[in-house]
Amino acid sequence: MSPVLLDRPGALDAATVLRVARAGAVPEIGPDLAAFVERRCASVRAALADGTPAYGVTTGMGALSEQRLSAADQAGQQRALLLARAVGGPPWLDADEVRAVLAVRLRGFLNGDSGVSLDLCRQLLALLSAGVLPAVPRTGLGAAGEILALAHAAGPLAGIGSVLGPDGGARDAGPALAAAGLSPLALGPKEGVALIEGVPVTTALAVLRGHDARVLLRQATVVAAAEAALLRASRDAYDDALARADVPLGEVLRDLRDLAGPEPAPRVLQPPVSFRVTGPVLAHLARCLDGLDAAVERALAGVTDSPAYVETAAGTGRFVGTAGFSGYDLAAHLHHVTVALVGVAELGAARLHRLLDPRSSGLPAQLSADPGPQAGLSPTHKRAVGVVHGLRRQALPATVGTMETSAGQEDVQSFSLEAAEATRATVVGVREVLACELLAVHQARLLGARLPESTGAELRAAVEELAGRLPDSAQDRPFGVDIERIRDGLAEEWAVSTGFDRGGTTD
């Protein structure tokens with residue numbers, strides 16, 4: 001893997017965060033960027049030395065922000081900020097998710113608004129390099145920002161709290177640091193408050209969920225094209241003329257045409273609606289993902305620290321309280337993606353039902369080898385319907401339903417982490433529905449359905465790869481085993497050479 005040298009803050013972009021999370025890359029801070037971080041840190045500390053009031057540094061936090069701290073209190077304040085706020089518990093974020101969080105946390109510090117030290121930035125990289133990953137709670141995080149999750153994410157830097165063990169559970173951070181040859185970092189002025197501000201957790205999860213959903217978009221396109229080819233459906237709904245002034249729709253329709261191939265004869269003149277609306281539904285998901293990508297870029301480049309140290313063109317600076325902890329932008333776009341994914345799952349369950357219907361498929365009822373004595377895939381469709389029903393609850397907007405906390409000082413929340421969790425659960429569900437559809441594609445071929453000779457090579461290769469992983473029999477069996485095998489395969493490296501490519505996360 002080629003090294004990731006950071007010569008400017010923007011070099012740690014979403015693609016690099018993905019490499020850190022999924023491929024284990026560990027960035028290096030280049031000399032010019034290191035010098036920039038040190039200059040910003042010196043400016044912030046000089047401003048604090050002048051007696052400039054700063055929230056969370058010279059004062060308490062939240063409802064206690066008017067409480068001025070003595071010099072003695074300030075000396076221990078930054079470490080103390082990471083203690084009582086670590087109120088979360090399992091389930092913890094997975095290792096790849098935590099790596100993404102550390103990468104995004106570093107990006108925020110490299111922007112220069114927090115004024116943290118180069119030592120703190122390098123400690124983040126040391127945790128990544130050593131695989132010492134904080135145990136960060138996944139749920140139960142009802143603060144106005146990410147302060148609860150970030151207390152867990154930041155604690156191990158200073159030897160506080162827990163890190164992930166080999167089994168995914170939590171173990172004490174102190175011994176884990178020592179075993180890795182690392183020492184707890186003594187936090188400098190403003191570094192504790194900087195560690196618990198911003199939206200690095202939601203941003204990191206949005207990067208991962210956005211990538212996963214794009215993989216699903218491609219997989220869903222391949223599956224829909226396979227179903228259309230097997231049913232010999234009319235390609236009218238995929239005609240490029242229908243995408244006038246709509247670039248995402250045009251791209252999806254072109255993919256469907258290329259994968260399914262030219263229309264065979266005889267054709268089904270008027271296929272079910274679920275086949276005809278596939279293009280617009282997938283195009284909507286593509287648009288939502290574009291929106292999420294843009295929100296991620298805003299979060300990576302934006303001012304998310306509070307207070308942020310803002311410098312003028314003249315070189316003078318001041319501390320400014322911000323709303324960069326909110327995460328509403330990310331939460332809203334994650335919700336859009338979640339709803340679009342639910343639509344893909346609903347459509348998949350509907351097409352699956354049509355594959356079981358001999359009026360649409362021309363195959364034995366329920367894709368059964370012996371209709372009546374054998375059930376075929378009717379129970380498989382029931383599983384898909386159950387999954388879709390559960391996903392509808394994930395489509396409730398996380399941003400709705402705020403409650404006052406912190407003695408009224410925090411009177412709204414965005415619940416951006418809950419929005420990210422809903423997207424994660426929906427990604428898992430859509431993958432399961434696709435697995436049910438792919439089992440039906442395999443069963444249909446065993447029962448005599450043939451892909452037209454004009455079917456695209458990519459689709460044909462994907463279907464042949466699928467056949468190599470499933471039993472060569474249409475007889476009833478515990479089909480759940482097959483569904484699990486397909487579902488797990490959709491997220492594994494076997495997909496690289498087919499239309500089920502994960503999208504490439506390593507060099």
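Determine whether LEU300 is in contact (Cβ under 8 Å) with a residue 24 or more places away in the chain and out of contact with any Lys or Arg (no Cβ under 7 Å at 6 or more places or on another chain). Criteria not met by LEU300. Consider SER414 against the criteria (1) farther than 30 Å from GLU66 by Cα; (2) among the polar types (S, T, N, Q); (3) touching a Phe, Trp or Tyr at 6+ places or on another chain (Cβ under 6 Å): it satisfies all of them except one. Which criterion is unmet? Unmet for SER414, out of (1) farther than 30 Å from GLU66 by Cα; (2) among the polar types (S, T, N, Q); (3) touching a Phe, Trp or Tyr at 6+ places or on another chain (Cβ under 6 Å): (1).
Of all residues in the range 197-252, exactly one satisfies the criterion of being buried (at least 24 other Cβ atoms within 10 Å of the Cβ) and either basic (Lys, Arg) or in contact with a Cys (Cβ under 7 Å, 6 or more places away or on another chain) (or both), namely ARG209. When LEU12, LEU33, LEU93, LEU6 are checked against the criterion of being more than 29 Å from LEU164 (Cα to Cα) and touching a strand residue (DSSP E or B) at 6+ places or on another chain (Cβ under 9 Å), a single residue qualifies: LEU33.
Using the structure shown, decide if VAL193 is in contact (Cβ under 8 Å) with a residue 24 or more places away in the chain, of a type in the set (Val, Ile, Thr) and out of contact with any Gly (no Cβ under 7 Å at 6 or more places or on another chain). Criteria not met by VAL193.
Of the residues GLU437, GLU418, GLU410, the single one that is among the charged types (D, E, K, R), touching a helix residue (DSSP H, G or I) at 6+ places or on another chain (Cβ under 6 Å) and in contact (Cβ under 8 Å) with a residue 60 or more places away in the chain is GLU437. Only a single criterion out of (1) under 30 Å from ILE196 (Cα atoms); (2) of a type outside the set (S, T, N, Q); (3) out of contact with any Pro (no Cβ under 9 Å at 6 or more places or on another chain); (4) crowded, with 21+ Cβ neighbours inside 10 Å is not satisfied by ALA349, namely (1). When the range 307-339 is filtered for residues that are in contact with a helix residue (DSSP H, G or I) (Cβ under 8 Å, 6 or more places away or on another chain) and of a type in the set (Ser, Thr, Tyr), the ones remaining, listed by number, are TYR309, SER326, TYR328, THR338. Residues in the range 182-204 that are in contact with a Lys or Arg (Cβ under 7 Å, 6 or more places away or on another chain) and assigned to a helix (DSSP H, G or I) were compared, and the one that is modelled with the highest pLDDT is PRO200. Take LEU230 and decide whether it is closer than 19 Å to VAL281 by Cβ, touching a residue at least 60 places away in the same chain (Cβ under 8 Å) and in the same structural domain as GLU458 (by TED's automatic domain parsing). For LEU230, the condition - closer than 19 Å to VAL281 by Cβ, touching a residue at least 60 places away in the same chain (Cβ under 8 Å) and in the same structural domain as GLU458 (by TED's automatic domain parsing) - is not met.
Conditions (1) in a helix (DSSP H, G or I); (2) hydroxyl-bearing (Ser, Thr, Tyr), marked per residue:
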| residue | (1), (2) |
| --- | --- |
| PRO248 | yes, no |
| VAL252 | yes, no |
| GLU263 | no, no |
| SER274 | yes, yes |
| LEU285 | yes, no |
| CYS288 | yes, no |
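Taking the range 106-142 as the region of interest, how many residues are crowded, with 24+ Cβ neighbours inside 10 Å and among the basic types (Lys, Arg)? Number satisfying all stated conditions: 1.
Is it true that some residue in the range 139-158 is of a type in the set (S, T, N, Q), part of a loop (DSSP other than H, G, I, E, B) and in contact (Cβ under 8 Å) with a residue 12 or more places away in the chain? Yes, because at least one residue in the range 139-158 is of a type in the set (S, T, N, Q), part of a loop (DSSP other than H, G, I, E, B) and in contact (Cβ under 8 Å) with a residue 12 or more places away in the chain.
How many of the residues in the range 95-129 are hydroxyl-bearing (Ser, Thr, Tyr), modelled with pLDDT of 95 or more and not in a helix (DSSP H, G or I)?
Of the residues in the range 95-129, 1 are hydroxyl-bearing (Ser, Thr, Tyr), modelled with pLDDT of 95 or more and not in a helix (DSSP H, G or I).
Evaluate the following for ALA462: is it part of a loop (DSSP other than H, G, I, E, B) and either free of Cβ contacts under 8 Å to residues at least 24 places away in the same chain or surrounded by 15 or more Cβ atoms within 10 Å (Cβ to Cβ) (or both)? No. Number of residues in the range 359-391 that are at pLDDT 95 or above and in a helix (DSSP H, G or I) equals 17.
All told, SER473 falls short of being among the polar types (S, T, N, Q) and at pLDDT below 90. Are there any pairs, at least 6 apart or on different chains, whose C-beta atoms fall under 9 Å, with the first in the range 306-317 and outside the structural domain of LEU150 (by TED's automatic domain parsing) and surrounded by fewer than 18 Cβ atoms within 10 Å (Cβ to Cβ) and the second among the polar types (S, T, N, Q) and not in a loop (DSSP other than H, G, I, E, B), and if so, which? From the range 306-317, the pairs are GLU311/SER43; GLY315/SER43.
When VAL252, VAL247, VAL281, VAL303 are screened for being more than 22 Å from THR338 (Cα to Cα), assigned by TED's automatic domain parsing to the domain that holds ARG450 and β-branched (Val, Ile, Thr), only VAL303 passes. With respect to the conditions (1) surrounded by fewer than 22 Cβ atoms within 10 Å (Cβ to Cβ); (2) outside any loop (DSSP other than H, G, I, E, B); (3) at pLDDT below 95, MET403 falls short on a single one, namely (2). If you scan the range 259-295, which residues turn out to be crowded, with 23+ Cβ neighbours inside 10 Å and touching a strand residue (DSSP E or B) at 6+ places or on another chain (Cβ under 6 Å)? Result: PHE275, single match.
Filtering the range 330-344 to residues that are among the hydrophobic types (A, V, I, L, M, F, W, C) and farther than 19 Å from VAL199 by Cα leaves VAL339, ALA340, LEU341, VAL342, VAL344.
The values are calculated or read from the model by the stated rules, or taken from the named source; none is laboratory data. Predicted, not measured: the structure shown is a model, and the values here were computed from it. Using ideal geometry, Cβ is built from the backbone for each residue, glycine included, and neighbour counts are taken over all protein chains shown.
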